[in-house]
Amino acid sequence: MSLANGRPLLAMPGPTNIPDRVLPAMMRPAEELSSDSIVTLTETVLVDLKRVFRTDGETFVYAANGHGGWEAAFTNVLSRGDKVLVLESGRFAIGWGEMARFMGVDVEMLPGSWRRAVDPVAVEARLRADTQHTIKAVMVVQIDTAAGIVNDIPAIRRAIDAAGHPALFMVDAIASLACMEFEMDAWRIDVAVSASQKGLMSSPGLAFVAANDKALVAHKRADLRTGYWDWSGRMNVLAYMKHCGTAPEHLLFGQRAALDMIFEEGLEAIWRRHTALAKATHAAVDLWTSGQALAFGVTEATERAPSVTAVLTPSVDVGVITAFARDICGVTLGLGIGDYHNKAFRIAHMGHFNAAALLGALGAVEMALQAREIPHGSGGVAAAIASLAAAA
Ligand SMILES: *Cc1c(COP(=O)(O)O)cnc(C)c1O
């Protein structure tokens, strides 16, 4: 028997659940592309993104997914043959580095682990050894969605400073913006990247990049610049140029509505909500793991991301759990990717997600563990409820 009919729930780390208020905002006719309403829409989204990134720098919107945002970021500040240091912490940091390598960047990977956050001491040591300052940029992911790791961005900034290194600091905030603290200017991040379909609660299809003055100076001499991604072209006063062509109007209408919701709740409140949902998830997983069939992906509790939790399944067929959740309960969990392919599932608690959604997702996992007789410590969902009750 299936109990999956009813509203489906996405508990995967992107795309995430799109709020009911955002969907109808997109249900409207297209408009003349330089009409006052589209010009204003573009301007308000660009300005409000500064509030979300917490920057006085420039913001850019692209009709692209997160991968496009990655390419936009490095092509605007790097040149062929430039060396960059990518801080490994799971699939996404590696992927960003691979894309840069594809375009002729000399990518050095600072080896890391899927189970621990980037070690700022190792970053400092590597940068100190670069006495000629050949490394032009340090690239890191704040929340590596594949591993469920949160990296300590301020600590990595301090490591770069302690080494006295002038490299640009580039951060992927795709799975962390509007989920946890992100302070582009206070943390002196030079280039930040995000996308519409995770914490920003709207349709996949928009990438966002923010750049500070240091990045704009680097931009002037970058030779990887291409017409579509180019910041200079997009800093033009003409609305048409800000999109390098026709605005992705409907995606912008949706993102506008989602940004309104974000400011109504308040960024700090959103961060607290994500923290509470993550803690409750960890409380549940902690009990389940005592059955020895499941394990936390990230070994240190403080390094577990507030927006997604990776659960390793060393001795069970993970497809049994994810299929049960989807087909019997109507809950879509995240699958393991990269090193975790077929070895983990991920519970996302990201974006438009509340206590009810979380308990539904955790309940589906616990139901699967019971129904499929997978060894686990009982009481996970009850522990999550206790955690949420204490937080509230
Ligand atoms: C989802 C994600 C990406 C990739 O975004 P796409 O829109 O799928 O291209 C990159 N980095 C992180 C941290 C992500 O979570």
Contact list please: Cβ distance under 9 Å, first residue in region 235-251 and touching a residue at least 12 places away in the same chain (Cβ under 8 Å), second residue outside any loop (DSSP other than H, G, I, E, B) and among the aromatic types (Phe, Trp, Tyr), pairs at least six apart or on different chains. Met235/Phe60; Lys242/Phe60; His243/Tyr62; Cys244/Tyr62; Thr246/Tyr240; Ala247/Tyr240; Pro248/Tyr62
Pairs only if they're at least six apart or on different chains, beta carbon under 7 angstrom, first in region 254-281 and in contact (Cβ under 8 Å) with a residue 40 or more places away in the chain and over 14 Å from Lys50 (Cα atoms), second polar (S, T, N, Q) and surrounded by fewer than 22 Cβ atoms within 10 Å (Cβ to Cβ); list them, first residue then second. Gly254/Ser203; Lys279/Ser387; Ala280/Ser387
Every residue from region 186-208 that is more than 16 Å from the ligand (Cβ to nearest atom) and over 14 Å from Val140 (Cα atoms): Ala186
Those residues of region 337-350 which are of a type in the set (Gly, Ala, Ser) and open to solvent by less than 10 Å² (accessible area, probe 1.4 Å) amount to Ala344, Ala348
Qualifying position, being farther than 27 Å from Glu31 by Cα and either open to solvent by 40 Å² or more (accessible area, probe 1.4 Å) or not in a loop (DSSP other than H, G, I, E, B) (or both), among Ala215, Ala207: Ala215
Of the conditions (1) touching a helix residue (DSSP H, G or I) at 6+ places or on another chain (Cβ under 9 Å); (2) over 20 Å from Val193 (Cβ atoms); (3) assigned by TED's automatic domain parsing to the domain that holds Gly57, the single one that Val237 does not satisfy is (1)
Of the residues Ile321, Ile328, which is free of Cβ contacts under 8 Å to residues at least 60 places away in the same chain and either within 21 Å of Ala357 (Cβ to Cβ) or more than 24 Å from the chain's Cα centre (by Cα) (or both)? Ile321
Selection from region 24-58 of residues out of contact with any Asp or Glu (no Cβ under 8 Å at 6 or more places or on another chain), of a type in the set (Val, Ile, Thr) and open to solvent by less than 10 Å² (accessible area, probe 1.4 Å) yields Thr42, Val45, Val52
What single numbered condition from (1) touching a residue at least 40 places away in the same chain (Cβ under 8 Å); (2) within 14 Å of the chain's Cα centre (by Cα) fails to hold for Val171? (1)
In region 276-291, which residues are surrounded by 21 or more Cβ atoms within 10 Å (Cβ to Cβ) and hydrophobic (A, V, I, L, M, F, W, C)? Leu277, Ala278, Ala280, Ala283, Ala284, Val285, Trp288
Considering region 116-132 alone, what residues qualify as being basic (Lys, Arg) and over 25 Å from Ala146 (Cβ atoms)? Arg128
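The values are calculated or read from the model by the stated rules, or taken from the named source; none is laboratory data. Keep in mind the model is a prediction, meaning the values are calculated, not measured. Here Cβ is always computed from backbone atoms with ideal geometry, including for glycine, and neighbour counts include all displayed protein chains. These accessible areas exclude ligands, DNA and RNA; they are computed on the full protein's heavy atoms, side chains included. Shrake-Rupley method; radii C 1.70, N 1.55, O 1.52, S 1.80 Å.
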